[in-house]
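Structure first, commentary second.
The values are calculated or read from the model by the stated rules, or taken from the named source; none is laboratory data. Note that the structure is predicted; figures quoted are calculated from it, not measured. Methodologically, a virtual Cβ is constructed for each residue, glycine included, from the backbone with ideal geometry; neighbour enumeration extends over all protein chains shown.
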Amino acid sequence: MAEEGNTLIVADYGQLELRVLAHLADCKSMIKAFEEGGCFHSRTAVGMFPELKKAVDSGEVLLEWKGNEKPPVPLLKDMYAAHRRKAKVLNFSIAYGKTAHGLALDWGVSVGEAKKLLKAWYSDRPEVLKWQEYMRNLAVEEGRVPTIMGRYRMLPEATSKSRKLKQHSLRSAINSPVQGSAADIVMMAMIKMEKSEILKQLKWEQILQIHDEVILEGPKESMEEAMREVKTCMEQPWDHYGLFPMKVDLAVDAKSEDSWYKAK
């Protein structure tokens with residue numbers, strides 16, 4: 001809770017790890033989806049399932065609706081909620097290096113069905129599959145994989161004779177560059193906010209960081225100006241330490257409340 005006379009700014013990144021994956025793999029489909037905006041998971045579902053694309057193209061359902069009135073036809077996320085949910089699970093599972101066996105257990109389906117869904121996801125995003133294979137090979141050849149800033153996750157067991165240890169390392173070869181790069185971005189945004197003369201003059205300071213979220217506290221009267229600066233620092237964390245602009249924009253959601261609970 002903020003002290004009396006103060007308030008909090010709670011700001012977090014939108015789908016940071018998926019944006020990192022799109023950048024690292026240079027995935028045209030993912031980059032386009034982020035550029036077009038809207039519901040990323042619905043766009044994934046359209047790329048995976050031909051019947052959804054047909055429904056959107058024919059006008060049976062709408063991919064997005066920005067008006068305040070009721071849409072003239074159902075939204076894809078409502079009509080095909082189960083398809084969208086599978087696409088959403090796959091978006092995050094693939095970024096974390098999950099296998100068909102792991103997905104089959106999560107969903108309670110056969111390995112064959114899980115493989116079929118994975119194939120549908122990769123069919124629209126072949127660059128991700130190519131990048132993942134490159135990372136696995138790098139782990140085997142060099143025993144390490146890099147983040148976006150060149151930090152390394154050491155994976156000496158990528159060549160282990162133990163099948164279990166080797167598989168664990170090869171999954172880490174996929175998710176470590178993504179999660180580590182997301183950490184790079186958050187770290188650089190925090191450094192930029194710490195150095196911000198605007199936030200210093202407005203008497204705002206960082207008090208907490210949780211994954212891809214930061215919390216700042218400061219005077220209520222300067223909240224709006226401070227929030228603009230926070231969003232700028234987080235959306236453009238690029239600096240001379242080795243973090244350079246990405247192929248996708250970084251999206252930041254920021255709000256102000258007197259307590260973290262209210263902001264959530």
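Residue-wise test of (1) touching a Pro at 6+ places or on another chain (Cβ under 9 Å); (2) of a type in the set (Val, Ile, Thr); (3) modelled with pLDDT of 95 or more.
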{"position": "TYR13", "(1), (2), (3)": "no, no, yes"}
{"position": "CYS27", "(1), (2), (3)": "yes, no, yes"}
{"position": "SER42", "(1), (2), (3)": "no, no, no"}
{"position": "LEU62", "(1), (2), (3)": "yes, no, no"}
{"position": "ASN68", "(1), (2), (3)": "no, no, no"}
{"position": "ALA87", "(1), (2), (3)": "no, no, no"}
{"position": "ALA95", "(1), (2), (3)": "no, no, no"}
Could you tell me whether any residue of the stretch 223-239 is closer than 27 Å to MET149 by Cβ, out of contact with any Pro (no Cβ under 9 Å at 6 or more places or on another chain) and at pLDDT below 95?
yes
Criterion first (of a type in the set (Asp, Glu) and out of contact with any strand residue (DSSP E or B) (no Cβ under 6 Å at 6 or more places or on another chain)) does GLU157 satisfy it?
yes
Cross-chain or 6+ apart pairs with Cβ under 6 Å, the stretch 162-173 first and under 16 Å from TYR134 (Cα atoms), then β-branched (Val, Ile, Thr) and outside any helix (DSSP H, G or I)
ALA173/VAL145
Does GLU127 fit the bill of being among the acidic types (Asp, Glu) and touching an Asp or Glu at 6+ places or on another chain (Cβ under 9 Å)?
yes
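Could you list, in sequence order, all residues of the stretch 33-70 that are under 16 Å from ARG19 (Cα atoms) and hydroxyl-bearing (Ser, Thr, Tyr)?
If the condition is that a residue be under 16 Å from ARG19 (Cα atoms) and hydroxyl-bearing (Ser, Thr, Tyr), then SER42, THR44 are the ones that fit.
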How many residues does the stretch 121-145 hold that are over 18 Å from the mean Cα position of the chain (by Cα) and free of Cβ contacts under 8 Å to residues at least 60 places away in the same chain?
14
Residues of the stretch 48-76 classified as under 23 Å from the mean Cα position of the chain (by Cα) and surrounded by 20 or more Cβ atoms within 10 Å (Cβ to Cβ), total
2
Please go through (1) at positive phi; (2) of a type outside the set (Asp, Glu); (3) in a helix (DSSP H, G or I) for LYS203 and return the number of the only condition it doesn't satisfy.
(3)
Picking from LEU24, LEU8, the residue that is touching a helix residue (DSSP H, G or I) at 6+ places or on another chain (Cβ under 8 Å), of a type outside the set (Lys, Arg) and in a helix (DSSP H, G or I) would be LEU24
